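This structure is in structure tokens; I'll ask about it shortly.
The values are calculated or read from the model by the stated rules, or taken from the named source; none is laboratory data. As the structure is a computational prediction, the values presented were derived from the model and not from experiment. Neighbour counts run over all protein chains shown; Cβ positions are idealised from the backbone, glycine included. Surface areas here come from the heavy atoms of the whole protein model, side chains and all, with no ligands, DNA or RNA. Shrake-Rupley method; radii C 1.70, N 1.55, O 1.52, S 1.80 Å.
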Amino acid sequence: MRRYFAAHTGFFFRAVLLIPFFLFFYGFTLKVAAQENVNLVPARDSVLAANEHKENKTGKFNAGDMIMEHVVDNHDWHILEAGNFELSIPLPVILYYEGKIYTFCSSKFHNEERSYMGFSLPLEGPDKGKIIRTHASSGDPKVYDFSITKTVLAIIISALLMLWIFISVARTYSRNHNKAPTGMQSLLEPIIIFIRDDIAKSSIGEKKYQKYMPYLLTVFFFIFLNNILGLIPIFPGGANVTGNIAVTMVMAVFTFILTTVSGNRHYWVDIVNTPGVPWWLKLPVPLMPVVEIIGIITKPFVLMVRLFANITAGHIIALGFVSLIFIFGAMNAALGYGVSLVSVAFMIFMNLLELLVAFIQAYVFTLLSALYFGLATIEPEHH
């Protein structure tokens, strides 16, 4: 086993080198770019001030707005709140409009008009959270937003953490041949062996599993690390990365592409001419081939929705318990203190449960990806 890791440290390097592809593809489909002048500013001058304004205007705590503020993506990263004082990190805004690139910090939107350089960041309405032209008409060109948002910054942070962890572990393996693992090695080695033996080998096969290991390792640790970071309430944690459907879509698309490219002749023949199915389900109307082709598309769709729904639901439930404290506290202070005991207890339970869910969701996504690869590369049995 020690020889295996010493001889296959390239797996670690190839695995972590796949991370920039996630970043590149996600950034091109949504928002990716560089950052500028990220400074801590009082949230009274930030997007969070809008929530305070709403509360002052209605006189009631809005649980829905609070939950969505933490679950959805944002151009600011909320840091802390103490009484009436809040802090957030404004993030870089990069826009492409009419052949020109506009770059500035999102703190420029922290004014009464919520606009800067002819662009606006609405807090209400159908364009809430999106950067649009301030006085746009129906025929105006579209504003292309390549900003670094909270989710993008969280992906960059997790990618750097993964690069640092795996490169350091791989170097340790290359230096310490046939020695007992220590530190981070002893933590990661059982997980990597588990992915290799119980996921890759059993799903893909002994002969072909190795070329998929870099991808499977990358997907598993990317999901698992971001799930864990999402449970940490302080910066750089708290971002809902794997609860962002765009992120899960990119990973599902990668699985779909690898499955499609890896598919052998036997795989495609079984889709067009499914064995063991009556001929009248194939001719004259190709019912089964259509069903099989739809299945090719629904498999990555299920991967995308399952991860997104489970992680987002966990965050919403936890934040819902927090909201109960303020809702009942608005009715009666004593009632609020009483409910807080129950809410905190349930929150602790939910966080412990989410630790298990963080591993399970990473495992399920990796396992299903490996199963799809195995089905695409399976060889026909010869009798």
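Six or more apart or on different chains, Cβ under 6 Å: which pairs go from a residue in the stretch 308-326 that's more than 14 Å from Asp65 (Cα to Cα) to one that's open to solvent by 40 Å² or more (accessible area, probe 1.4 Å)? Could you list them?
Phe308/Ile245; Ala318/Met347; Phe321/Phe346; Phe321/Met347
Can you tell me which of Leu367, Leu353, Leu375, Leu371 is on the phi < 0 side of the Ramachandran plot and in contact with a Ser or Thr (Cβ under 6 Å, 6 or more places away or on another chain)? Full working, then the answer.
Working: Leu367 fails: in contact with a Ser or Thr (Cβ under 6 Å, 6 or more places away or on another chain); Leu353 fails: in contact with a Ser or Thr (Cβ under 6 Å, 6 or more places away or on another chain); Leu375 fails: in contact with a Ser or Thr (Cβ under 6 Å, 6 or more places away or on another chain).
Sole residue among the options that is on the phi < 0 side of the Ramachandran plot and in contact with a Ser or Thr (Cβ under 6 Å, 6 or more places away or on another chain): Leu371.
Give the residues of the stretch 110-163 that are free of Cβ contacts under 8 Å to residues at least 24 places away in the same chain, under 20 Å from Val72 (Cβ atoms), open to solvent by less than 40 Å² (accessible area, probe 1.4 Å) and assigned to a strand (DSSP E or B), sorted by residue number.
Ser120
Can you tell me which residue is surrounded by the fewest Cβ atoms within 10 Å (Cβ to Cβ) among those in the stretch 258-267 that are within 31 Å of the chain's Cα centre (by Cα) and at pLDDT 80 or above? Lay out the reasoning, then the answer.
Of the stretch 258-267, the ones within 31 Å of the chain's Cα centre (by Cα) are 258-264, 267.
From what's left, at pLDDT 80 or above: 258-264.
Working: Leu258: 17, Thr259: 21, Thr260: 14, Val261: 8, Ser262: 18, Gly263: 19, Asn264: 12.
Of everything passing the filter in the stretch 258-267, Val261 is surrounded by the fewest Cβ atoms within 10 Å (Cβ to Cβ).
Residues are listed down the side, and each one gets a yes or a no for (1) modelled with pLDDT of 85 or more; (2) open to solvent by 40 Å² or more (accessible area, probe 1.4 Å); (3) aliphatic (A, V, I, L, M):
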| residue | (1), (2), (3) |
| --- | --- |
| Trp280 | no, yes, no |
| Pro284 | no, yes, no |
| Pro289 | no, no, no |
| Leu303 | yes, no, yes |
| Arg306 | yes, yes, no |
| Ile311 | yes, no, yes |
| Phe326 | no, yes, no |
| Val339 | no, no, yes |
